[in-house]
Each structure stands twice: as C-alpha cells, then as structure tokens.
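To start, the structure under review is shown below, and the notes come after it.
Since every read-out is calculated from the coordinates, none of them should be taken as a lab result. Bear in mind that the values here come from a model prediction, so they are computed numbers and not experimental data. All Cβ positions, glycine included, derive from the backbone under ideal geometry; neighbour counts span all protein chains shown.
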Amino acid sequence: MWLSLIEKSEAIRAIYRDSIPPLENVTLHEIKITVGEDTIITIKIDITTLPGELPKKWQANEINTVQLTFDLIKARIEKFDLNSPVSMVTRICILEDSGSKRMTLTSSSNAEVLVIRSSWIYLQSISAYRNAYKAGSEYN
C-alpha cells in the first residue's frame, strides 16, 4: 500500500484509520520545485474520498475535499508530459524501486503524465476544505 512508503504519514492513518483512501481520481493542485543541495518537489493534490468519521473541525466546515501535500526529497523528474491534461489525474502510483521511491501520475487516457524518483516522500500536510465547485455540482 502506498501509505507504507510515505514518511510522517501518521496524520493520514489517524484521520482515515483502516480505510486509507486510494490515490485515484485526484485533482493535481500544485507542483513546486525547490532547488538546492537536495532538490525538493512538492506535490499538492485534492482527493474526494472522505474519512468514515470526520474530525469535528471538518464537520463544522462541511468539507467535501481533502488536500494532501507531499514533499519528494532528493527528487528528479523522469518524465513530464505537458501535452497531456495534467490537472485531472486518474491515478497516482507510489512504488519502491531500486532503493528509491517512484511517484507516477497517470491521466485518464492511461498515459504517464509525471514520473518523479526520489529518496524519500514525506507527508507535509493534510487539510480539508469545502470545494464550492464540487459542492455546486452535487446538485446538478
């Protein structure tokens, strides 16, 4: 499972417990590259799979979207297809490969849109918000 390859992932397990969400039908929110001695690529995604029991703060805000931010440390981009639609990602696959982590973002046409290899993947943050666009579409 992808969560076992993520460092500092306790917050996801605490919120989702035994129902860890799949990284499918996600929205790619942001890609940020920080250069330096160790290149860091930050990936921010939105998922709509909510935990079975919402934290009280999330209940009060009537959230419908969870946002996960990952930092890929000592990262390098192996593939970045700017000709493919990059915002809607059908699947994110995280695997261990030859001692490193490999994150692959795949489009609805099953094309690899972005492939990143890194030494580590850290959960930087987990948050939630009410996506007005999604909320509006629930009633259409």
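Against the set (i) 59, 14, 13; (ii) 26, 18, 13; (iii) 48, 16, 10, the structure's computed semi-axes √(5λ) of the Cα gyration tensor in Å falls on (ii).
Along the charge dipole of the chain, pointing to its positive end and built from +1/-1 on Cβ of Lys, Arg, Asp and Glu, which listed residue (Leu114, Ile33, Asn61) has its Cα farthest out? Ranked along the dipole, the leading option is Asn61. Estimated purely from DSSP H runs of n ≥ 4, each contributing -39500 (n - 2.57), the mean residue ellipticity at 222 nm for the chain is -3000 deg cm²/dmol once divided by its residues. Summary: within the chain, the longest segment free of trypsin sites (Lys or Arg not before Pro) located in DSSP loops with at most 14 other C-beta atoms within 10 Å is 18-129.
Exposed loop sites, defined as GluC sites (Glu not before Pro) outside DSSP H, G, I, E and B with at most 13 other Cβ atoms within 10 Å, are absent from the longest region of the chain, namely 63-137. The mean sequence distance of close C-alpha pairs (under 8 Å, at least 6 residues apart), as a share of the length of the chain, puts its relative contact order at 28 percent. Distance between the modelled labels on Arg13 and Ser109, one decimal in nanometres: 4.0 nm (7 Å Cα→Cβ projection). Charge dipole (Cα centre; +1 on Lys/Arg Cβ, -1 on Asp/Glu Cβ; no other charges) of the chain amounts to roughly 160 debye.
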